[in-house]
Amino acid sequence: MALYGRTKLMTVMWTQELARLLDADKVTVNCCDPGFNAPVWAGTCPAPPYSCAC
């Protein structure tokens, strides 16, 4: 799980850097965290407000 957390952090950090690099071009950059998401193969969906396409 530590690797997953580090990759999420790197995604956010890269998004911030990309936004800085593209600021002069008036480009908007977004990064979204889907939050908790049950694996589809588990056959269960978490309760709202979280959802998945099961």
Within the range 7-33, of all residues that are more than 12 Å from the chain's Cα centre (by Cα), of a type in the set (D, E, K, R) and in a helix (DSSP H, G or I), the one surrounded by the fewest Cβ atoms within 10 Å (Cβ to Cβ) is Asp25
Subset of the range 1-31, residues in contact with a Cys (Cβ under 9 Å, 6 or more places away or on another chain) and hydroxyl-bearing (Ser, Thr, Tyr), comes to Thr11, Thr15
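Only the coordinates and a few stated rules stand behind these numbers; no lab work does. Just so it is clear, the model here is predicted, and its values are computed rather than measured. Please note: Cβ atoms are built from the backbone with ideal geometry, for glycine as well, and neighbour counts cover all protein chains shown.
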